[in-house]
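Enquirer: Sending over a structure as structure tokens; questions will come in a sec.
The values are calculated or read from the model by the stated rules, or taken from the named source; none is laboratory data. Because the structure is predicted, anything quoted here is derived from the model rather than measured. Quick reminder, even Gly has a Cβ in these numbers, built from the backbone with ideal geometry, and neighbours come from all protein chains shown. For the accessible areas, the whole protein counts, side chains as well, though only heavy atoms, and no ligand, DNA or RNA atoms are used. Shrake-Rupley method; radii C 1.70, N 1.55, O 1.52, S 1.80 Å.
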Amino acid sequence: MARNVYEGLFIFDPDAFNKAPEEVSNQITTTVEQADGEVLLSRIWEERKLAYPIEGHRRGTYWLVYFAADSLKVKELSRQLRLNNNIVRFLLVKLDPRLVDVIVEHARTGQFSSTEHLPVEQIITEDVFEDEESPEEIAKNEF
């Protein structure tokens, strides 16, 4: 099975989170670990007003999690997370393996501390412009 790293953004019911923050946030870690995953980082992002009411909630506590898990277990993990009444909404995104270290470090510290990683511009150029002209070539041809 392929082990990938995922970013999870969760919106918790702020009332439940304010009553028992550790219990509510630890439910994510427990669910990931039950799916044989490993939590790399789990932290609060912020509490804010929602753009529109969700299930009667006008505010939400945003929680950010990075975890490694087998790709075949993510579907079951998502199902378990949907059953959690403290989670109003969530989104799981598979990260590009070339960006994992940089993104997790940035989420942990708020800074990019290493210059030895591949620059984001190069990754975008490799993926988007693989069979086309690079941004530099496009810029040269425009003038």
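Enquirer: Kindly list, by first and then second residue, each pair from a residue in the range 81-106 that is open to solvent by less than 50 Å² (accessible area, probe 1.4 Å) to a residue that is of a type in the set (Lys, Arg) and at pLDDT 95 or above, limited to pairs with Cβ atoms under 8 Å and residues at least 6 apart or on different chains.
Expert: none
Enquirer: Let me ask another. Out of the range 56-86, which residues are in contact with an Asp or Glu (Cβ under 8 Å, 6 or more places away or on another chain) and farther than 19 Å from Ala2 by Cα?
Expert: Across the range 56-86, the qualifying residues are His57, Arg59, Gly60, Thr61, Tyr62, Leu64, Val65, Asn85, Asn86.
Enquirer: Select from the range 6-57 the residues that are free of Cβ contacts under 8 Å to residues at least 24 places away in the same chain and touching a Pro at 6+ places or on another chain (Cβ under 9 Å) and list them in ascending order.
Expert: Matches in the range 6-57: Ile44 only.
Enquirer: Confirm whether Ser114 is at pLDDT below 95 and either within 19 Å of Ala2 (Cβ to Cβ) or open to solvent by less than 40 Å² (accessible area, probe 1.4 Å) (or both).
Expert: It is false that Ser114 is at pLDDT below 95 and either within 19 Å of Ala2 (Cβ to Cβ) or open to solvent by less than 40 Å² (accessible area, probe 1.4 Å) (or both).
Enquirer: Would you confirm, using the coordinates I've provided, whether Glu47 is modelled with pLDDT under 85 and among the charged types (D, E, K, R)?
Expert: Spelling it out, it is not the case that Glu47 is modelled with pLDDT under 85 and among the charged types (D, E, K, R).
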